[in-house]
1. If the requirement is being among the small types (Gly, Ala, Ser) and either over 16 Å from Leu129 (Cβ atoms) or touching a helix residue (DSSP H, G or I) at 6+ places or on another chain (Cβ under 6 Å) (or both), which of these qualifies: Ala187, Ala169?
2. Could you count how many residues in the stretch 274-296 are in a helix (DSSP H, G or I) and either of a type in the set (Asp, Glu) or open to solvent by 80 Å² or more (accessible area, probe 1.4 Å) (or both)?
3. Checking Leu333 against (1) touching a residue at least 12 places away in the same chain (Cβ under 8 Å); (2) closer than 21 Å to Gln412 by Cβ, which test does it fail?
4. Listed residues Arg110, Arg143; which is charged (D, E, K, R) and touching a residue at least 24 places away in the same chain (Cβ under 8 Å)?
5. Out of the residues in the stretch 211-233 meeting the condition of being of a type in the set (A, V, I, L, M) and in contact with a Pro (Cβ under 9 Å, 6 or more places away or on another chain), tell me which one is nearest to Glu262 (Cα to Cα).
6. Which count do you get for residues in the stretch 395-412 that are open to solvent by less than 70 Å² (accessible area, probe 1.4 Å) and free of Cβ contacts under 8 Å to residues at least 24 places away in the same chain?
7. Is it true that some residue in the stretch 341-355 is of a type in the set (Lys, Arg), more than 48 Å from the chain's Cα centre (by Cα) and either exposed (fewer than 14 other Cβ atoms within 10 Å of the Cβ) or in a loop (DSSP other than H, G, I, E, B) (or both)?
8. Got a sec? Which of Asp414, Asp369 is over 19 Å from Thr342 (Cα atoms) and either modelled with pLDDT of 90 or more or of a type in the set (Lys, Arg) (or both)?
Amino acid sequence: MATTSSPSSLSSPSGPAAATEAAAVSVYDSRPFFEKALQFGVQHGLINQARLDAINADAPKGMVQIARYFGSEFLRPELEKARERLVNLVSLYLESSSGGDLRQAAESLRDHSFLSRSKGGSDMLKALLAMPQNSHFGMHERRGFQDSQIKLLAQWSLRSFADYQAELAMRSQVAQVVDAAVWLADALGLDEDALQDAAKDGEAVIRTALLLRAAGRRQMPDWVAFDKMIAALRKKHAPAGSASLDITLPARLPAELRAVVEGVRQSVLADLPKILDAALPVRQLFDRSPAFMGRYFWLDDGLHEVEQHDRQVSAAWNKATGGNSDDGSLLTLLVCVAAGTTPKTLLTEKAAASLVRKIQKKGAKPGFDPELARQYLLDHAPAQHQDAYLSLWDDFVDEAQGTLQSDALYAQQDALALLRRECHVVAA
């Protein structure tokens, strides 16, 4: 395992050309970093024979341990692969911890056991693989290294230090996005478990948190609250333009997270013209536009949205009925709808007579269509009352439709009498 051999020298021209080419050509040393550090240590008196003997004694033990961990220690190909992994893990740790300084690496080999340097490389890779690859909370769980990742660790134990550095840089950036999202969400009363359950992207959480700060909100919204917030921002800032909306970073945001949050803040600033455009319906923009879908965050609270919808329906129904729920008011309203006139819960004698004439007027289109009233109930009445209202209406139609649409001699008088009896008809 241990070696003190020198790299083979490259053949070069002799004479005057040699000096010129020596300045332009350097020898590429492809040896593992461990081997270079070991040779440096021996050549400079940092590593003595006793330390070399200790490394040679530890190496077989390490190879067996690695072969057993990744497969079998009884197969020669597995042991050969384990030797490569052992050298690579030690090299990875030494090059990373020393910053590529051979003296520091050699001193590390002198002062610590060979197997501890191997474990250091393995721990580095496990920490790397435990980092998120994606800022979407639904695509990772921050639980540390898992046994299910052993096969991936086996692959990375043979990868180069350059590969490790590139992957670490990418995952570190992602981890900062995740950490920033967790920090901002926590400040708004939402913990990391809730973010995991929501399974949304970290940048979406950050964008929404920055908008909430600008709007003076202190709690992560569900859709209803998010919709109201955007409507309030449009009302206040749309006339003056997006420059009037101040998107700032929290003063207490940790320094190591400021750069990544600033990058996301710039994307919010780019979004502001559309966010503040009152011509774009909020739901259409944020939940149905490809460029904005998943770009911002709100809690999925289906029960709250249903309750909010029910309240809105009830408010609209109360306005339509004037708050009246008696049978006479409802039938008056529905007769008007079936006749294609403005819904009312109270008719004057004159209005009732006009309504009857419209109903009984001959033409291609019927003057009285009960289905219009049924659909009106389904579209506007509170869900918990729809069955009762439909039953009331169907009973009325069964008894009254023939009278209302009759063409007999005294049909108008009979129809008016029916409306006075069943509906609300008052003298002018």
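1. None of the others qualify; the one that does is Ala187.
2. Residues in the stretch 274-296 being in a helix (DSSP H, G or I) and either of a type in the set (Asp, Glu) or open to solvent by 80 Å² or more (accessible area, probe 1.4 Å) (or both): 4 in total.
3. Looking at each condition in turn, Leu333 falls short on (2).
4. The unique qualifying residue is Arg110.
5. This residue is Leu212.
6. Result for the stretch 395-412: 4.
7. Within the stretch 341-355, one or more residues are of a type in the set (Lys, Arg), more than 48 Å from the chain's Cα centre (by Cα) and either exposed (fewer than 14 other Cβ atoms within 10 Å of the Cβ) or in a loop (DSSP other than H, G, I, E, B) (or both).
8. Asp414
The values are calculated or read from the model by the stated rules, or taken from the named source; none is laboratory data. For clarity, every value in this text was computed on a predicted model and none was experimentally measured. FYI the Cβ positions are ideal-geometry reconstructions off the backbone, even for glycines, and counts take in every protein chain you see. Just the protein is used for accessible areas: all its heavy atoms, side chains included, with ligands, DNA and RNA removed. Shrake-Rupley method; radii C 1.70, N 1.55, O 1.52, S 1.80 Å.
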